[in-house]
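Asker: Supplied in structure tokens, the structure appears directly below.
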Amino acid sequence: MKNTQLWIIDQISDEIVSVEVDGERHITIPRELFPKRIREGEVYRFQSAEKSGKISMSISRDKEFEIEQLERSKEQVSKKSDWDKGGDIVL
């Protein structure tokens, strides 16, 4: 049985990393399982497989998906609605 998840790094502390899993929930993972230069917002693929009673796991960075997500975010932020004329907000 094979399992694949998309992990987005949410927060990093000295000992743990908060990870968003498949955009649905958050889990914490020991910091030592990630590269030393890990950064918030990076995207990783977690894969696990079970064979003959043994489980193997791998965590690898998915730079392509990371770039796609950044582009989508830029597009979303740059869109203005019809009623948004830009400029300062007056309260």
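The values are calculated or read from the model by the stated rules, or taken from the named source; none is laboratory data. Keep in mind it's a predicted model, so treat the numbers as computed, not measured. Cβ placement follows ideal geometry from the backbone for every residue including glycine, while neighbour counts extend to all protein chains displayed. Note: accessible area is taken over every heavy atom of the protein model, side chains too, but ligands, DNA and RNA are not part of it. Shrake-Rupley method; radii C 1.70, N 1.55, O 1.52, S 1.80 Å.
Asker: Inside region 23-37, can you point out the residues that are free of Cβ contacts under 8 Å to residues at least 12 places away in the same chain and open to solvent by less than 60 Å² (accessible area, probe 1.4 Å)?
Answerer: I27
Asker: Could you tell me whether region 33-51 includes any residue that is of a type in the set (G, A, S) and more than 15 Å from the chain's Cα centre (by Cα)? So that I can check it myself, show each step before the final result.
Answerer: Pass one, region 33-51, residues of a type in the set (G, A, S): 41, 48-49.
Retained after the next criterion (residues that are more than 15 Å from the chain's Cα centre (by Cα)): 48-49.
Taking every residue of region 33-51 in turn, at least one turns out to be of a type in the set (G, A, S) and more than 15 Å from the chain's Cα centre (by Cα).
Asker: With E64, E50, E20, E40 as the choices, which residue is open to solvent by 100 Å² or more (accessible area, probe 1.4 Å), acidic (D, E), assigned to a strand (DSSP E or B) and at pLDDT 90 or above?
Answerer: After applying the criteria, what remains is E50.
Asker: Taking the conditions exactly as written (open to solvent by 70 Å² or more (accessible area, probe 1.4 Å), farther than 19 Å from V17 by Cα and charged (D, E, K, R)), does E75 satisfy them or not? Break it down into steps so the answer makes sense when it comes.
Answerer: Details: open to solvent by 70 Å² or more (accessible area, probe 1.4 Å): yes; farther than 19 Å from V17 by Cα: yes; charged (D, E, K, R): yes.
The answer is yes for E75.
Asker: Name the residue that is nearest to T28 (Cα to Cα), counting only residues in region 67-91 that are of a type in the set (G, A, S) and part of a helix (DSSP H, G or I).
Answerer: So the residue we want is S73.
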